[in-house]
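Structure first, commentary second.
The values are calculated or read from the model by the stated rules, or taken from the named source; none is laboratory data. On a predicted model such as this, the values are computed, not experimentally measured, just so you know. As a convention, Cβ positions derive from the backbone with ideal geometry for all residues, glycine included, and neighbour counts pool all protein chains shown. With ligands, DNA and RNA removed, areas are computed over all heavy atoms of the protein, side chains included. Shrake-Rupley method; radii C 1.70, N 1.55, O 1.52, S 1.80 Å.
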Amino acid sequence: MRYDLRTIRWILATGVLGFAAFCPVATAADDAPQRKFALLIGCTNYPDMPVQPLEGPANDVVLMRDLLVGQFKFPDDQVVTLAEAQPAEHRPTYANIVREFSALAAKVQRGDHIVLLLSGHGTQQPIPDPPDPNDFEPDGLDEVFLPADAKPYDESQHKIPNGLVDNELGAWLSKLRDGGALVWVIADCCHSGTIIRGQSREVQRRVPVELIIPRGDLEAARHRGAEMAKTHSTNVALPGGQPASITEQLQGIAAIYAAQPEQSTIELPLPVDAENGTPHGLLTFTLSKVLREARSPMSYRELAERIQADYARQGRNTPTPLLEGGDRDREVLGLETWPTQGLFTATRDARGYTVNAGALYGLTVGSVLAMRAPGDRTGTQPPIGHLKLTAVDVLSSRAVPTEFHEIKPIDPLPDRAACELAFLDCQLRKLRVAVDASEAATRAAVEDALRTVAKPDLMVEHATTRDGADWVVYGEQTQVFLEPATGIDPHDPNATGRFGPVAADNQLPAWVGEHLRRIARAKNLMMVAGTELPNQQQAANLNVVVELLRLHGDNDPNPEPIAWDKGGLVLHPGDRVMCRVKNNGRDPADATLLFVDSGYGISAVFPRAGTVSDNRIYPGESVNAFTGTINDKTLGLEHLVLIAVPGKGGYIDFTLLEQPTLAVTRGDDDTSRSPLNQLMRSALYGGATRGMDVQESKQQMKLITWSVAK
């Protein structure tokens, strides 16, 4: 569903429920002791509603509880879980949810941290008649989270009995803020857009309002919303008559939602490539993964940005998390010192070795762990042996002894030995492509074309079903298209569209091969760039940062930083943008910036390809890497990839990784002489070397993602 906090913002900003928008706000610096509470709600079954049951919310609450208790040290008895697996008094019913919110409001103190997770289905219902003037809903619909005991729409009351309406959520948040608490809301529930054709693995957490609300009630509600919009103001007055953004009044609250209003919120088996993936909400799983992988504090804004970057690393163009609240720039849970995971532990049993960490810690199949000698907690002694991961689940991994760095394998290794990451397999994989064509002759031609191009050097493999594919070669009569396996959502500006059509003739293999090769190269480049290596920057003394700034005129002396906002990092055609690169590290760095457009073209923007350029940036130095105007040729999601290596000897750049946007013919690619040649060739073309040696890595990579909207 879409929880965009419109109602909540008005409730809090106008003080309808007694909350003054300008009251003192607790901060992390307050002297009062900071306590930690969490309410985790996961709704899977809806026996009285005509909706599809879910599996992910039950796993989401377990995942979040493990994160909060294990990493962030929330007291176990102060984390309340409402889920189907719990006893009756802790099922996710409306009454139980109300009871737990009331209990929280009664005991919170100034400076307390509260985490709220809403995971499950949602929908909408008509606003009251007459409408509440303080509840501005221009579409005439309130957002509703569905507890497990929600009932079908009651036409006499014009509401969903036992539905949790956004107005109620706003009232409860108001009470928590009245007590001085700092609240973090995570809503992994549905959106208000249009359902699209998707993979069977992906289940949408949305109940279409048209399915449960009579058409007449919907039309009347939308009319009331349109009438309200004619006279409604989006500003509130501060003392002295100065208007202010309503969002800025939500001090003490940070809220992250699974998707923008027009996008799909989904659950699916995760990790994607795991043999025994467990259904999770994409937001909850990725949020937990990002927080576990992090090595330093981050703000909620940075967290949302990293979540979107992780989606892009996985090859997803959507969704984009929605971020709201006045505390968007507060550090997550107010932490100035990040709770690092420390060393992993390997336990020996009859089956081999089990490691107490998995995909949520950034581990991948093929990665190598170095095992420390008993008693060596500082890492000053050489490793006594290594383990290679053979299977990775969400929170654990299986491993076998292996030779690494000329250290012979030892078996058995000491039981419960401490180990740490020595080599990260970047999990570069081929683009999985399926065929979907009803016309027999067209299908045969497409199958032949795909067999021709599914070669190791093209990083493409044939998927037998759409369910297991990334992309689909789609046939309509004698015409062929290429589209994402999840389908196309016409309401989502970030959704990548179809490529084509092309005739199903002898030119088809070349067309399919060229398109798939460029998509695979661009996606694998983003996958490598979005992979965070533990202590990578510190080991190499590399710390290069990239900043985007908006120019108001060519000679603007004070360009405006472009921040990741509630809708993501959004640019518009005609925006004049400057990119600034700064070296905050201790060593000189050679920096390359590659631009990846929504048509999977890769362009070198710093330094320019084919030019003799000094791209070395010295400690403390900043460089205006490029200035340009956003155009409308590739509306959708676009990316900037930073590659930085130590600046020693001759200048190093990676401009030869360029490739044109799709639909442009291109020949064979050149080779690069850079130290990252093996890594980058493996990422883009296929090869034997697929990972990064953590201990010896001397590169920094970063992925920055934005959308271009009309």
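Every condition in (1) of a type outside the set (Ser, Thr, Tyr); (2) open to solvent by less than 20 Å² (accessible area, probe 1.4 Å); (3) touching a helix residue (DSSP H, G or I) at 6+ places or on another chain (Cβ under 9 Å); (4) part of a strand (DSSP E or B) holds for ASP436 except the one numbered (2). Checked against (1) polar (S, T, N, Q); (2) modelled with pLDDT under 90; (3) part of a helix (DSSP H, G or I), ASN276 meets all criteria but (3). Right, LEU343: touching a strand residue (DSSP E or B) at 6+ places or on another chain (Cβ under 9 Å), aliphatic (A, V, I, L, M), closer than 19 Å to PRO401 by Cα and open to solvent by 10 Å² or more (accessible area, probe 1.4 Å) or not? Yes, satisfied. GLU447: free of Cβ contacts under 8 Å to residues at least 24 places away in the same chain and not small (Gly, Ala, Ser), yes or no? Yes: the conditions hold for GLU447.
The combined condition, being hydroxyl-bearing (Ser, Thr, Tyr), part of a loop (DSSP other than H, G, I, E, B), modelled with pLDDT under 95 and open to solvent by less than 10 Å² (accessible area, probe 1.4 Å), is fulfilled by TYR3.
Is at least one residue of segment 665-674 modelled with pLDDT of 75 or more, in contact with a Pro (Cβ under 9 Å, 6 or more places away or on another chain) and either under 30 Å from VAL365 (Cβ atoms) or in a loop (DSSP other than H, G, I, E, B) (or both)?
First pass over segment 665-674, keeping only residues modelled with pLDDT of 75 or more: none.
So far as segment 665-674 goes, no, none of its residues is modelled with pLDDT of 75 or more, in contact with a Pro (Cβ under 9 Å, 6 or more places away or on another chain) and either under 30 Å from VAL365 (Cβ atoms) or in a loop (DSSP other than H, G, I, E, B) (or both).
Looking only at residues in segment 42-65 that are open to solvent by 60 Å² or more (accessible area, probe 1.4 Å) and among the acidic types (Asp, Glu), the one that is nearest to LEU282 (Cα to Cα) is GLU55. Residues in segment 127-157 that are open to solvent by 50 Å² or more (accessible area, probe 1.4 Å) and modelled with pLDDT of 75 or more were compared, and the one that is farthest from TYR257 (Cα to Cα) is SER156.
Kindly check whether there is at least one residue in segment 340-357 that is touching a Phe, Trp or Tyr at 6+ places or on another chain (Cβ under 7 Å) and either of a type in the set (Phe, Trp, Tyr) or under 18 Å from LEU182 (Cα atoms) (or both). Within segment 340-357, not a single residue is touching a Phe, Trp or Tyr at 6+ places or on another chain (Cβ under 7 Å) and either of a type in the set (Phe, Trp, Tyr) or under 18 Å from LEU182 (Cα atoms) (or both).
Take the residues in segment 80-123 that are of a type in the set (Gly, Ala, Ser) and in a strand (DSSP E or B); name whichever of them is nearest to LYS36 (Cα to Cα).
First pass over segment 80-123, keeping only residues of a type in the set (Gly, Ala, Ser): 83, 85, 88, 95, 102-103, 105-106, 111, 119-120, 122.
Subset that is in a strand (DSSP E or B): 119, 122.
Working: SER119: 20, GLY122: 27 Å.
Only one residue tops the list, namely SER119.
For segment 621-657, a residue qualifies if it is among the acidic types (Asp, Glu) and open to solvent by less than 20 Å² (accessible area, probe 1.4 Å), and exactly one does: GLU638. Count of segment 67-125 residues, restricted to those that are hydrophobic (A, V, I, L, M, F, W, C) and open to solvent by 60 Å² or more (accessible area, probe 1.4 Å), is 4. When PRO501, PRO484, PRO456, PRO493 are checked against the criterion of being within 32 Å of the chain's Cα centre (by Cα), open to solvent by 60 Å² or more (accessible area, probe 1.4 Å) and at pLDDT 80 or above, a single residue qualifies: PRO501.
ASN555 satisfies every condition listed in (1) of a type in the set (S, T, N, Q); (2) assigned to a loop (DSSP other than H, G, I, E, B); (3) touching a Leu at 6+ places or on another chain (Cβ under 8 Å) except (3).
The single condition from (1) farther than 19 Å from LYS648 by Cα; (2) surrounded by 17 or more Cβ atoms within 10 Å (Cβ to Cβ) that ALA563 fails is (2).
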